[in-house]
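Quick notes on the structure that follows.
No value in this document is a laboratory result; all are computed from the given coordinates. Because the structure is a prediction, the values reported are computed rather than measured. Cβ coordinates were reconstructed from backbone atoms using ideal geometry, including for glycine residues, and neighbour counts include every protein chain displayed.
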Amino acid sequence: MSIGTVAERLQQARRGVGVSGRRPGTVRSRGDRTPLGRARGTLALFAIPSLLLLVLLNVFPVGYAIIQSVQDGTPSTLPTEAPFVGFANYVNVVTSAQFLHAALFTLAFTICGVFGSWIIGMAFALLLRTRIPANAAFKVLLLLPWIVPVVVSATAWNWLVATPQSPLPVALSAIGVTNANFLGDPVLAQIVVIIFKVWISFPFMMMMMSSALASVDLNVYEAAKIDGATQWQALTGVTLPIVSRTTYISWVLMTIFCVNDFPTIFLLTQGGPVNATTSLIVLAYQAAFQDQQTGPATAIAILMTVVLVIVSTVLYRQIKKVNIE
Amino acid sequence: MSHTAAAEPGTVATPWRRAPIARDKKGQWWRFGVIAVLTLIVNTPILAVLYLSTQAGPNSTTTGFTLENFARVFAETDVTIWLGNSLTVALVTVVVAVVVAAPAGYVLSRLRNRLVSGYSLILFVVQSLPVVTAAIPLFLTFTVFGLVDSLGGVAIVYIGSTMSVAIWMMAAYFDSIPISLEEAAWMDGATVFGSFRRIVLRNSLPGILSTAIFSFLLAWNDYLIALLFLQSPDKLTLPVGLQTFFQQNAADWASVMAVAVVMMAPPILIFAVLNRYFSLGGIGGSLAGR
């Protein structure tokens, strides 16, 4: 095998050709000369229903929420009935201690959730790529935390850790760690919620990274081995760069999932104890449906959305750059 | 060393499998042990649900393994209604999502122009919107149309939230179908709609199943929308039903876990049967590829 072939294959694998990259057959600006170019009407009919649903169910509510965020309304008043208050909701929200705390917790929850689940998912993906008896069965069994409905897993985790009489605190007290009140102590509750999120999310990362790893040409490793690379060097120098695009995408998606995650936190702690695990989305929920104030609630949601859209658009461009490379 | 000896049968049993990496053969049973232990630890909460659901409850006379919890929750609670509601909502979501997303995914897969790039960006932005943002306005709007406290209303919200990923997944699958097949059909006078229906869709069963499974999981697992939109006892879906039941019977773990098993059985069964069709790999490509 010549060096040129290996380099070429590496290049190919990096671009993800043959997996999900652009194929040579794709129609690109060939105008009216192809049936696809002439069938504009059909293609418009193909796209319009989805566009209508996206606009009605996603874009319109956001526009509506922007109006509500400058009004003093309740979940049952229409925008025409609620008094206009300008940016008062935004100012009140941003200057409140609750918001700052929720923002910081959301940040910690997201960072730990994204990287924690990526590291564990990637480790499992790497391990499952090697020859292991009953490999396929483990692949399915390890997906269970992601497949099982969060209401069910939250119930199970509640049983495991909720009170000092639960199995895990009891087991810990047997080895000397007494009074582990996992959901009663603010810091412990934050840690438990984050671990719960990582537990739910790592199978998603495992699936994403497994399919990226499957596209890595194994000759690349032979080449690295001949060059005297250690296994760690092969991982950081060969594997990670090749799967970098999928890695970025999985980080973007998981960031969105974490910031927008309501049930994982709410079902385990309801945002408590003493608001320790109140993330921005839980705060917005409490403002809207417990305090009956849609103004602050939508203001929080709009602020979250703006930050999230900016972050994901920046990362989206980053992904495109990796893609072109 | 016992593990080296034990490694031989495994090697012989799968001679057709490409050995991924040279160091692979040795130590496979050691890795098997590691991953078996890890899998067991990871799945402890789920095993706990299964175990507790088959143990006698606080007011029972039996001890040890029993299925009486299931008989009791089906007889004494609304779990049958919740199950029916959840299935209805999830199936409606799946059917509409696939029917709408498949043609849209085809456009995304086959065309490259400014309009399609813009459409792709809309999908991406929509995916990052928090559900809570949309929930309040949709709640008010649905009140006007009488869609609050109705299964149809909930299904509509799920269709909206699964749409962008569903389109990506379909597009990613269509990317893997060579356009030359369609070009041959067009030569023979087929229309774009005809080739889409007879060639593309017919060869896309794994892609359609993937999209269907994703939409099903989203609809089946959702808690927030069901909590906000459904109120009458006969309209509840399983997540809200289970949560309400859990809050009222926190001490009766046997019954709570029996309902939990009913709720997690359908997604697990679906994955057990269809997991080889399910792939998230394509999402990445279709997200970044255009």
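Brief remarks follow.
- Between A:GLN71 and A:VAL85, the built amide H atoms are under 5 Å apart, and every one of these is 5 or more places off in sequence or on another chain.
- Highest-MSF residue in chain B out of B:SER161, B:SER210, B:SER176 [GNM, Cα springs under 10 Å]: B:SER176
- As a proxy for reagent exposure, B:SER53, A:SER250 were ordered by neighbouring Cβ count within 10 angstrom, fewest first; the result is B:SER53, A:SER250.
- In terms of other Cβ atoms within 10 Å, A:VAL192, A:VAL187 run from fewest to most in the order A:VAL187, A:VAL192.
- Number of partner chain Cβ atoms within 10 Å, mean per residue of B:40-51: 5
- With a 10 Å cut-off around each Cβ of A:34-46, the average count of Cβ atoms from other chains is 6.
- Gyration tensor (alpha-carbon) shape descriptor, chain B, a/c threshold 1.5: oblate
- Rounded, prolate or oblate (a/c below 1.5 giving rounded, otherwise prolate when a/b exceeds b/c) for chain A by Cα gyration tensor: oblate
- In segment B:70-150, the chymotrypsin sites (Phe, Trp or Tyr not before Pro) that fall in loop regions by DSSP, at most 15 other Cβ within 10 Å: B:PHE145
- For chain A, built as a Gaussian network whose Cα springs stay under 10 Å, the top-fluctuating residue of A:SER244, A:SER215, A:SER96: A:SER96
- When B:ARG114, A:ARG245, B:ARG202 are sorted by how many other C-beta atoms sit within 10 angstrom of their C-beta, beginning with the fewest, the order is B:ARG114, B:ARG202, A:ARG245.
- Unit charges on C-beta of K, R, D, E only; dipole of chain B, Debye: 1160
- All Cα pairs of segment A:158-202, percent lying beyond 17 Å: 31
- Fluctuation leader among A:ASN58, A:ASN275, A:ASN181 - chain A, Gaussian network, Cα springs under 10 angstrom: A:ASN58
- Counting lysine pairs in the protein assembly as shown that sit 8 or more residues apart in sequence, or on different chains, and whose Cα atoms lie under 26 Å apart gives 5.
- For segment B:172-183, the Karplus equation 6.51 cos²θ - 1.76 cosθ + 1.60, evaluated at θ = phi - 60°, returns couplings of 4, 6, 4, 4, 7, 9, x, 5, 4, 4, 5, 4 Hz by residue, with Gly and Pro reported as x.
- Cα-based shape type of segment B:59-115, given that a ≥ b ≥ c are square roots of the gyration tensor eigenvalues and the cut on a/c is 1.5: prolate
- Compactness of the protein assembly as shown is given as radius of gyration and Dmax, 25.5, 80 Å, from Cα positions.
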